Amino acid sequence: MKKILFRKILYDCLIFFFFSLVCSSLIVWVFQAVNFLDIMIEDGRDYAVYINYTLLNFPKIISKILPFALFFSFSYVITKYELNNEMIIFWNFGISKVQLMNFFLKISVLLMIFQILFTSLLVPRSQELSRSLMKNSNIDFFESFIKPKKFNDSIRDFTIFVDNKTEDGSLENIYLKKDMGNDSFQITISKNGKFVQKGNRKVLELYNGQTINGSKNSMSNFNFTKSDFSLSNLKADVVTLNKLQETSTYLLIRCITELNNVKFKYLNTKEKINMHNCELSGLENIYKELYKRFIIPFYIPILILIALLLILYSKENVNYLKYRILIFFMGFITIIFSETTLKFIQSTFIGNLQMIMIPIMSFVILYFLTLRRLKRILIVK
């Protein structure tokens, strides 16, 4: 019977946690997806790039919301059990509050391990794929990002200006500049133009204009009555280098070991590390990224332990409502504190030991204080 009761309360907590996590993540994802519409409208990318890019950002949203959803779900279910007199069933079948607390703490360790794997493996990988998607994507909807009387340079090495755009899509007084590399450029000026689909590619058909080709030592120009400007090789002007949050955990650990001259037999230090921001000046940021992935999840057992403080008092207590509010306040303060500790991360491992030990020591202290309180209540009874 005890196992059935444990499974029942765990099932209720995890189901409520899953739905609250998914629903809240979807709400944030929808708002973020609306902001990402600029990728398609302003930069002219197609719908497939937009959808894939927004989906690849979903794991990051989940990792951010998970602590809030976890604390809220466990607190809500435990409170619901108490208000519906379901907790009495546990006590009547000989389940002590200490046993219930230890059971949930074992679950919290599993959830912590899941969060560590999620933030250290899946989230960086999804962020890396989203960056690669943007980096390798072409500009497809050129008509959408061209605005009259506005210089547009969202395409790499390419600038376009249009004086007027008619309702049928025709362009007037067009200025195009394309950087060819090695200090050479091409400038095209045209009175009129329009986008035309030719086969499987789209071109900008220009009328009555002039093209100027320039370099360090020469300049040439020619006039035309009609000319096709190919758009197939144009790329978006996005940052091509990966950020730290998009870098794999393996590379971050390798970078730290090499910068600190530490040798690990499990790391392939013979192969040159392929990481552009692996330098001493950025060591603090690397430690912050690893702290987010490995240490902040250690606050999950603390959050569940705070939620379990609700079993210390029953609903018959005159201050039960105030006590519930205090517990919720403690949980949210803990979540905020866990994120703000990033500001105190330093560029040395020894300097960060104190921040690493904070969640561990906080959990130990809170656990033994709670255990002491539970034993005192048992003695009084």
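The values are calculated or read from the model by the stated rules, or taken from the named source; none is laboratory data. Bear in mind the structure is a predicted one, so any value in this text is a computation, not a measurement. In this analysis, Cβ positions are derived from the backbone assuming ideal geometry, glycine residues included, and neighbour counts consider all displayed protein chains. Heads up: the accessible areas ignore ligands, DNA and RNA and are worked out on the full protein's heavy atoms, side chains in. Shrake-Rupley method; radii C 1.70, N 1.55, O 1.52, S 1.80 Å.
Quick notes on this structure:
- For Tyr207 and Leu37, the FRET efficiency from 1/(1 + (r/R0)^6), where r spans their Cβ atoms and R0 equals 45 Å, is about 0.85.
- The mean accessible area for residues of the chain, using a 1.4 Å probe and ignoring ligands and nucleic acids, is 56 Å² per residue.
- Within-14-Å neighbourhood charge of Gly214 [Cβ basis; K, R +1; D, E -1]: +1
- Remark: relative contact order (the chain) = 16 percent; criterion is Cα-Cα distance under 8 angstrom and separation of 6 or more residues.
- Net charge of neighbours whose Cβ lies under 13 Å from the Cβ of Ile253, counting Lys and Arg as +1 and Asp and Glu as -1: +1
- For the chain, with all protein chains in place and a probe radius of 1.4 Å, 62% of the accessible heavy-atom surface sits on carbon or sulfur.
- Put simply, the Cα atoms of the chain extend 99, 54, 32 Å along their principal axes, the longest span coming first.
- Sorting Phe332, Phe6 on solvent-accessible area from highest to lowest, probe radius 1.4 Å, gives Phe332, Phe6.
- Residue by residue, segment 59-69 carries 3J(HN,Hα) couplings of x, 5, 5, 4, 4, 6, 7, 3, x, 4, 5 Hz when phi is fed to the Karplus relation 6.51 cos²θ - 1.76 cosθ + 1.60 (θ = phi - 60°); x denotes Gly or Pro.
- Surface/4 of the Cα convex hull for segment 288-381, nm²: 6.7
- By the beta carbon rule, with partners counted only under 4.7 Å, the chain holds these lone Cys residues: Cys13, Cys23.
- Whether segment 155-215 is rounded, prolate or oblate, judged on the alpha carbon gyration tensor where a/c under 1.5 counts as rounded: prolate
- Ranking Ile9, Ser218, Val34 by Cα position along the charge dipole of the chain, where only Lys, Arg, Asp and Glu carry charges on their C-beta atoms, puts Ile9 farthest toward the positive end.
- Where only DSSP H runs of four or more residues are counted, the chain gives -18000 deg cm²/dmol as its mean residue ellipticity at 222 nm, each run worth -39500 (n - 2.57).
- Chymotrypsin sites (Phe, Trp or Tyr not before Pro) restricted to DSSP loop in segment 89-122 with at most 14 other C-beta within 10 Å: Phe93
- Within the shell defined by Cβ-Cβ distances under 10 Å, the residues around Lys149 carry a net charge of +2, with Lys and Arg each +1 and Asp and Glu each -1.
- In terms of its C-alpha gyration tensor, segment 1-108 has a prolate overall shape, because the principal axis ratio a/c (a ≥ b ≥ c, square roots of the eigenvalues) is not below 1.5 and a/b outweighs b/c.
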